[in-house]
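Here's the structure we're looking at; comments come further down.
The values are calculated or read from the model by the stated rules, or taken from the named source; none is laboratory data. All figures in this text were calculated on a predicted structure; none of them were measured in a lab. Backbone-built Cβ (ideal geometry, glycine too); neighbour counts: all protein chains shown. For the accessible areas, the whole protein counts, side chains as well, though only heavy atoms, and no ligand, DNA or RNA atoms are used. Shrake-Rupley method; radii C 1.70, N 1.55, O 1.52, S 1.80 Å.
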Amino acid sequence: MKTSDQTANFLSLFASSSTLICCALPALFVLLGAGASFASLLNIFPFLIVVSQHKLYITFFALIMLVLAGYMNYKTYHMPCPIDPVMGKTCMQARRRARYVYCISALLFLVATTFTYLVPRFI
């Protein structure tokens, strides 16, 4: 697995985690009736206000990174691994790990997007 593939996977994980922190966390606290707890959390981490003001850009960036990581995963999944048994096993483990990281990123993105854009419309 190339380092650009690993970079794309970890950037997608970072981007989807940032959507979770900036956008879904406030909605989750309000949904659970813990608005006062979130207000005190904002006193400790005031940068969350600035970050949440740009949630549309953060969500769009996370979506682009997920698409890029998905393409890289798909492209490398169909490439051959080395014939050497040790290197071949390492190659397959790296592919499996990359797929797990991608799935976790996609799940975080879906949860964050749901809590950010869909749940507030129905409450």
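Each of (i) 51, 25, 22; (ii) 58, 27, 22; (iii) 40, 35, 24 is a candidate for Cα extents along the principal axes in Å; the one calculated from this structure is (ii).
Compared with the alpha-carbon gap, the fully stretched path from Phe38 to Arg99 is longer by 18.6 nm at 0.36 nm per residue.
Accessible surface area normalised per residue over the range 19-118 is 66 Å², counting heavy atoms of protein chains with a 1.4 Å rolling probe. Between Met92 and Leu63, the contour length at 0.36 nm per residue exceeds the alpha carbon distance by 7.8 nm.
Angle of helix 55-77 to the longest C-alpha principal axis of the chain, folded into 0 to 90 degrees and rounded to 10: 20°. Using the rule -39500 (n - 2.57) for each DSSP H run of four or more residues, divided by the residues of the chain, the 222 nm mean residue ellipticity is -25500 deg cm²/dmol. Candidates Leu32, Ile49, Pro82 compared by Cα position along the dipole of the chain: farthest toward the positive end lies Pro82, with charges placed on Cβ.
Roughly what angle does helix 85-113 make with the longest principal axis of the chain, taking Cα atoms, 0 to 90 degrees, to the nearest 10? Tilt of helix 85-113: around 20 degrees.
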